[in-house]
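**Student:** Got a structure here, written out as structure tokens. Questions coming.
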Amino acid sequence: MSFDIDIVVRYGPLLLSGLWTTVYICALASILAVAAGLAAALLYGLPLRFAKLLCRVYIEVMRGTPILILLFILYYGGPSIGLTLEAETVGILGLGFYGGGYFAEIFRAGFQSIPPGQIEAARMLGIPRRMIVARIQIPQMLTLIIPPSTNQVIILTKESALLSIITVAELTKNTTQMVNETFAVVEPYVAVALLYWLIIEGIALAGGALERRFGHAS
Amino acid sequence: MDEKPVVLVEGLHKHFGAAHVLKGIDLAVDSSRVVCVIGPSGSGKSTLLRSMAFLDPYDEGRVFIEGRLLGYRETDGKRVRDSDRNIDSVRSVIGMVFQHYNLWPHKTALGNVTEALRVVRKLGRREAERIGVEMLAKVGVGDKAHDFPARLSGGQQQRTAIARALAMRPHVMYFDEPTSALDPELVGEVLQVMQELAGEGMTMVVVTHEMGFAAHVADEVVFMDGGEVIERGPPDDIFKRPRSGRLREFLDTWRSRTI
């Protein structure tokens, strides 16, 4: 068996276009996931039973549903309730809100790691709640939440391969097209595995850099 | 001098679930006076101080800070919890120091002291740091301004916490067992700072196990047990002429421990 590099070169533009789609969908989905997760964790911290319940339901639904089912519901089920979305939009929303369920738990653990006494000291000095979150809690949470967050972005990126099933022209979809057109199997899948590995190494490196940047003297 | 007490507590009750931890406490703290609250563990003294700051909301009674009701709004005989903004406003004259210092570990000593000056008082960095350095120097940790709390000893951390509270120019300082978490050899440096504050005329409420401090610095000592004030009076009366059995017993236990 030989590895025909020519096929990979010939399909280079298709693979790169898929790579770009995967990268920007995952980037937007990750931003959405972090925002949704942070919002859920903040709501969870409010002394309101209804807010807590809402967050619990959100987290449990996201964790309890396979991402593929979530994507199917959004993409194929959406139109029946008047929600017709582009496949890429479904991908961003699906991966984003799905990831948000996991980020919510990461942030919640982060908030709980701050001793309540620090919050009380801030309240006694008259520091408003939102400033306590922004200046006392989140900065201290960062060192703790960066490693699991990096992990979560990596998982999200790998799960984005499922978007090929709902016709998003991302890396896996374009690779499948390459397989169908060339009848080659090894070259396309090895090439795509390398490309995913590149993205994920990039995420891991960024995570490591953030960790070093926000490590403090405590 | 202001006739009104800086802090006035009337008929304070507090429950934690089924436990009735404060059973009708009355207390008045006049300007420039030092009141020490002593009593065995679980007597409710820390809860009293926390209720007087509304960190633990009280159930019945009233707390007035410079004449303003803390924590609740009363309309037509009904009372509702006040807004965060109003609560902040009423307690802005209180500075509080905690047993475990509660410094923010991601900020330097100076960062801890300037944080509220910047965020609450909205001072510029330079002005906030000028005050911060001044306050740290006042409590004797001026040379530690740029160290993170983890690099400071317990005594230095607690003095930094005192500087942080003082920077906001409080009219009354609450101390919640400020030396209980300290190694014995570090207690003195914190008590000395507190004594200096008292000497400058700061109004203070101190929950403490340091009987020596209470005896020498307090204008009034309040002895609590079982959620009630059992005895109160000048330190000489409390320590030399206890009237109640419970106070006598408490002092005997303390004396037998400190020999």
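**Student:** Please state which of the following conditions A:GLY78 fails to meet, knowing it meets all the rest: (1) at pLDDT 90 or above; (2) open to solvent by less than 50 Å² (accessible area, probe 1.4 Å); (3) away from chain B (no Cβ under 14 Å).
**Tutor:** Just one mismatch for A:GLY78, condition (1).
**Student:** Looking at region B:90-100, which of its residues are over 20 Å from A:MET141 (Cβ atoms) and facing chain A (nearest Cβ under 8 Å)?
**Tutor:** If the condition is that a residue be over 20 Å from A:MET141 (Cβ atoms) and facing chain A (nearest Cβ under 8 Å), then B:ARG91, B:SER92, B:ILE94, B:GLY95, B:MET96, B:PHE98 are the ones that fit.
**Student:** Would you list the strands (runs of 3 or more DSSP E) that sit entirely within region B:1-93 and hold 1 or more residues that are at pLDDT below 95 and surrounded by fewer than 17 Cβ atoms within 10 Å (Cβ to Cβ)?
**Tutor:** The strands (runs of 3 or more DSSP E) meeting that bar are B:7-16, B:19-29, B:60-65, B:72-75, B:78-81.
**Student:** On to the next question. Checking B:PHE250 against (1) open to solvent by less than 50 Å² (accessible area, probe 1.4 Å); (2) in contact with a Pro (Cβ under 8 Å, 6 or more places away or on another chain); (3) free of Cβ contacts under 8 Å to residues at least 40 places away in the same chain, only one condition comes out false. Which one?
**Tutor:** (3)
**Student:** Something else: Which condition does B:VAL141 not pass, out of (1) open to solvent by 10 Å² or more (accessible area, probe 1.4 Å); (2) over 25 Å from B:ARG50 (Cβ atoms); (3) among the aliphatic types (A, V, I, L, M); (4) away from chain A (no Cβ under 14 Å), if it passes all the others?
**Tutor:** (1)
**Student:** Answer yes if at least one residue in region B:154-167 is within 11 Å of chain A (Cβ to nearest Cβ), charged (D, E, K, R) and buried (at least 21 other Cβ atoms within 10 Å of the Cβ), and no otherwise.
**Tutor:** Looking for residues that are within 11 Å of chain A (Cβ to nearest Cβ), charged (D, E, K, R) and buried (at least 21 other Cβ atoms within 10 Å of the Cβ), one finds at least one in region B:154-167, hence yes.
**Student:** A further question follows. Return the residue satisfying two criteria in turn: it lies in region B:116-130 and is facing another protein chain (nearest Cβ under 10 Å) and in contact (Cβ under 8 Å) with a residue 12 or more places away in the chain, and of such residues it is nearest to the chain's Cα centre (by Cα).
**Tutor:** Selected residue: B:ALA116.
**Student:** Looking at (1) open to solvent by 60 Å² or more (accessible area, probe 1.4 Å); (2) at pLDDT 95 or above, which is the one condition that is false for A:ALA29?
**Tutor:** It fails just one condition, (1).
**Student:** List the number of the failed condition for B:ASP237; all other conditions in (1) of a type in the set (D, E, K, R); (2) under 30 Å from A:GLN118 (Cβ atoms); (3) free of Cβ contacts under 8 Å to residues at least 40 places away in the same chain hold.
**Tutor:** Result: B:ASP237 passes all but (2).
**Student:** Additional query: Could you tell me which of the residues A:GLU159, A:GLU120 is open to solvent by 30 Å² or more (accessible area, probe 1.4 Å) and touching a strand residue (DSSP E or B) at 6+ places or on another chain (Cβ under 9 Å)?
**Tutor:** None of the other options fit; the residue is A:GLU120.
**Student:** Could you tell me which numbered condition A:LEU210 fails, if it satisfies all but one of (1) within 20 Å of A:GLY100 (Cβ to Cβ); (2) without any contact (Cβ under 8 Å) to a residue 40 or more places away in the chain?
**Tutor:** The failed condition is (2).
**Student:** Show the residue pairs meeting these rules: Cβ distance below 9 Å; 6+ apart or different chains; first residue within region B:217-230 and within 15 Å of B:SER31 (Cα to Cα); second residue charged (D, E, K, R) and open to solvent by 10 Å² or more (accessible area, probe 1.4 Å).
**Tutor:** Every condition considered, the pairs that remain are B:ALA218/B:ARG33; B:ASP219/B:ASP30; B:ASP219/B:ARG33; B:GLU220/B:ARG33; B:GLU220/B:ARG232.
**Student:** Which one of the conditions (1) farther than 25 Å from B:GLU115 by Cα; (2) open to solvent by less than 10 Å² (accessible area, probe 1.4 Å) does B:PRO184 fail to meet, given that it meets all the rest?
**Tutor:** B:PRO184 satisfies every listed condition except (2).
**Student:** If I ask for residues that are over 21 Å from B:THR208 (Cα atoms), among the aromatic types (Phe, Trp, Tyr) and touching a residue at least 24 places away in the same chain (Cβ under 8 Å), which ones from region B:59-107 would you list?
**Tutor:** Those that are over 21 Å from B:THR208 (Cα atoms), among the aromatic types (Phe, Trp, Tyr) and touching a residue at least 24 places away in the same chain (Cβ under 8 Å): B:PHE64, B:TRP104.
**Student:** Return only the number of the condition from (1) within 14 Å of another protein chain (Cβ to nearest Cβ); (2) closer than 14 Å to A:GLY18 by Cα; (3) not β-branched (Val, Ile, Thr) that A:LYS173 does not satisfy.
**Tutor:** (1)
**Student:** So, in region A:142-170, of the ones that are modelled with pLDDT of 90 or more and over 21 Å from A:PHE97 (Cβ atoms), which residue ends up nearest to the other protein chains (Cβ to nearest Cβ)?
**Tutor:** Of everything passing the filter in region A:142-170, A:ILE146 is nearest to the other protein chains (Cβ to nearest Cβ).
The values are calculated or read from the model by the stated rules, or taken from the named source; none is laboratory data. These figures come from a predicted structure and were not determined experimentally. When we count neighbours, we look across all protein chains shown, and the Cβ atoms used for this are built from the backbone with ideal geometry, even at glycine. Please note that ligands, DNA and RNA were not included when accessible areas were found on the heavy atoms of the full protein model with its side chains. Shrake-Rupley method; radii C 1.70, N 1.55, O 1.52, S 1.80 Å.
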